[in-house]
Amino acid sequence: MSKNKITIKDVAREAGVSTATVSYIVNNRKDVKIKPETRQKVLQIINLLDYTPNQAAQALASKRNNTLAIYIPPTDSILLNSENMFVLKKLTRYFNSLKYDVITLNDSSFEKCDKADAIICYNTCKEDFYALGNKNFIPLLALDCIIDDPLFFQINLDLAKLKEEATKKFGKDNYIFVTLDSLNHDNILSYQQYFSSTKIVKSIYDLGKITDESLLVSDYVLYKLLKENNNVLYIPKLSSKKLNVLNECLTSAITRKPLDQHNVLI
């Protein structure tokens, strides 16, 4: 759908509301009661589709600042913190090479992201993802977290490919998929449903229980800690190919190109 062809009906259809409701919102009508969640959803869709019927809506279209925000939720886990720092450094290095300035967000800065062109949410629960979306009317992308909302790109591990590679190396079901605990609970559910044997590492004490095993690992920290005492197949979560696809999705989101493929598996 090109920008010139986007109409108020398109916005209303995507939001599941009437065209009158969209009109009330973009014209900031105060005499009509509209639920806050409805207003937020309509504004988010207006921004994503780049619908600009008047000055009020045009104000939502961010100017390009070549600045990218990255949100990684806080955790008390030493292991998860280490992995998060590894991921943050890799994302920052990659997007700096593409001439983006990178800023990091925390739970106290949900509403302070007006300088960024988009937000990448890494390993984020749905509640925090939508909290960011409700406070910032700029594109959001979900990286290594399952959101399952057609308004947003989500870029996740291709578990089928992981399973295929592990089967080639170890044989069918002759290995354990070992992963760090995730703040996105749907991630954990998908791992447990996909692999016949899954081990969720929640603390360093869990590592001592894993020796002389055939392991499939995608977390860098776990690979470094487990490779000496186990037979490990390491397929990184954040490969070069995945970073390139993430950038393609980011560019599409920022330029408001149609989101034909929302769920991207790498």
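The values are calculated or read from the model by the stated rules, or taken from the named source; none is laboratory data. Fair warning: this is a prediction, and the values are worked out from it, not measured in the lab. So basically every Cβ, Gly included, is an ideal-geometry build from the backbone, and we count neighbours across all protein chains shown.
Lys161 - would you say it is surrounded by fewer than 15 Cβ atoms within 10 Å (Cβ to Cβ) and basic (Lys, Arg)? Write out each step before concluding.
On the way: surrounded by fewer than 15 Cβ atoms within 10 Å (Cβ to Cβ): yes; basic (Lys, Arg): yes.
Criteria met by Lys161.
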Selection from segment 236-266 of residues hydroxyl-bearing (Ser, Thr, Tyr) and farther than 23 Å from Leu222 by Cα yields Thr251, Ser252, Thr255
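Each row is one residue, and each column tells you yes or no for (1) modelled with pLDDT of 95 or more; (2) under 15 Å from the mean Cα position of the chain (by Cα); (3) over 25 Å from Asn244 (Cβ atoms).
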| position | (1), (2), (3) |
| --- | --- |
| Asn54 | no, no, yes |
| Gln58 | no, no, yes |
| Asn65 | no, no, no |
| Thr75 | no, no, yes |
| Glu83 | yes, no, no |
| Arg93 | yes, no, no |
| Ser97 | yes, no, no |
| Asp114 | no, no, yes |
| Lys126 | no, yes, yes |
- [ ] Test Ile45 against the criterion of being surrounded by 13 or more Cβ atoms within 10 Å (Cβ to Cβ) and modelled with pLDDT of 80 or more, and give yes or no.
- [x] yes
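Conditions tested, residue by residue: (1) more than 18 Å from Ile78 (Cα to Cα); (2) among the aliphatic types (A, V, I, L, M); (3) crowded, with 17+ Cβ neighbours inside 10 Å.
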| residue | (1), (2), (3) |
| --- | --- |
| Tyr194 | yes, no, no |
| Thr198 | yes, no, no |
| Gly208 | no, no, no |
| Lys242 | yes, no, yes |
Scanning segment 19-33 residue by residue, the ones that are within 16 Å of Gln44 (Cα to Cα), at pLDDT 75 or above and not aliphatic (A, V, I, L, M) total 4
Counted residues in segment 146-180 being out of contact with any Leu (no Cβ under 6 Å at 6 or more places or on another chain) and assigned to a helix (DSSP H, G or I) come to 10
All-but-one check, Gln192 against (1) closer than 21 Å to Leu80 by Cβ; (2) polar (S, T, N, Q); (3) out of contact with any strand residue (DSSP E or B) (no Cβ under 9 Å at 6 or more places or on another chain), failing number (3)
